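Trainee: Before I ask anything, here is the structure I am working with.
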Amino acid sequence: MITQSYQRVLGRNPDPGGMVTWMAALADGTVRLDTIGPTLMSSEEFYLRGGSSDTGFVNNIYQAALGRGATAWEVDHWGAVRRARGPEPVLAGVWGSPEAAKRRVGQTYAYYLGRSAGAPEQEYWLPVVAGSGDEQLREEVVVSSEYTQRAQSRFP
């Protein structure tokens with residue numbers, strides 16, 4: 001998940017020292033897997049990657065969280081929020097949105113179950129992702145009978 005977050009958010013792999021730092025933080029419980037992506041999005045590197053502009057910053061968040069660019073209205077809105085209150089409320093608003101949560105549900109299904117999540121499944125998981133986070137979603141998917149059957153067929 002660390003490498004996937006780096007690739008999705010910063011467009012690169014983590015450097016070896018960064019990987020060691022993240023692994024240690026995960027092991028001692030100071031960070032959770034769910035916080036790596038948003039933490040990277042609040043970094044100076046992420047802001048600089050967007051050309052140090054609101055347009056680049058907001059578009060990069062949209063690409064990382066939603067897999068699409070932001071509309072002009074979204075850039076204007078979230079740019080004003082960033083200037084007034086910093087990057088954290090922008091990240092919370094975009095990363096925490098139902099659209100982003102549904103996308104993460106879809107990514108989880110694709111990775112663990114080898115299929116896309118239907119609209120009812122995405123809706124079903126929204127309260128879980130919003131309340132307990134993506135880790136709870138992953139934990140429940142990997143203990144499902146569907147995951148077990150898929151694993152048994154792949155690794156008899």
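The values are calculated or read from the model by the stated rules, or taken from the named source; none is laboratory data. This one's a predicted model, so the numbers in the text were calculated from it and none came from an experiment. A quick note on method: Cβ atoms are made from the backbone with ideal geometry, for glycine too, and the neighbour counts reach across all protein chains shown. Areas reflect the complete protein model, heavy atoms only, side chains present, ligands, DNA and RNA absent. Shrake-Rupley method; radii C 1.70, N 1.55, O 1.52, S 1.80 Å.
Trainee: When the accessible area of the range 7-63 is computed with all protein chains present and a 1.4 Å probe, what percentage of it is carbon and sulfur?
Mentor: Carbon with sulfur: 58 percent of the solvent-accessible area.
Trainee: Out of (i) 10, 33, 33, 12, 7, 4, 2, 0; (ii) 10, 34, 30, 20, 7, 0; (iii) 10, 36, 35, 16, 3, 0, which label holds the value of P(r) over Cα pairs in 10 Å bins from 0, in percent that was computed here?
Mentor: So the structure-derived entry is (iii).
Trainee: Cβ neighbours within 10 Å, averaged per peptide: list 100-113, 3-16 in order, most packed at the top.
Mentor: By packing density, highest mean first, the sequence is 100-113, 3-16.
Trainee: Sort 76-83, 144-151 by packing, meaning the average of other beta carbons within 10 Å per residue, with the highest value first.
Mentor: 76-83, 144-151
Trainee: Separation between the residue 21 and residue 44 pseudo-spin-labels, each 7 Å from Cα along Cα→Cβ, expressed in nm?
Mentor: With each label placed 7 Å out from Cα toward Cβ, I get 1.1 nm.
Trainee: Give me the orientation-averaged projected area of the Cα convex hull of the range 107-154, in nm², one decimal.
Mentor: Dividing the Cα hull surface by four gives the mean projection, 3.2 nm².
Trainee: How do 42-52, 129-139 rank on mean C-beta neighbours within 10 Å, highest first?
Mentor: For the peptides 42-52, 129-139, the packing ranking is 129-139, 42-52.
Trainee: Let's test the formula: R0 of 25 Å, r as the Cβ-Cβ distance of residue 116 and residue 80. What FRET efficiency results, to the nearest 0.05?
Mentor: So the FRET efficiency works out to roughly 0.10.
Trainee: Probe of 1.4 angstrom, ligands and nucleic acids ignored: what's the accessible area per residue over the range 19-156, in square angstrom?
Mentor: In whole numbers, the range 19-156 has 54 Å² accessible per residue.
Trainee: Got a number for carbon plus sulfur as a percent of the range 95-156's accessible area, 1.4 Å probe? Walk me through the numbers before you get to the answer.
Mentor: On the way: 1940 of 3650 Å².
Solvent-exposed carbon and sulfur of the range 95-156 make up 53 percent of the total.
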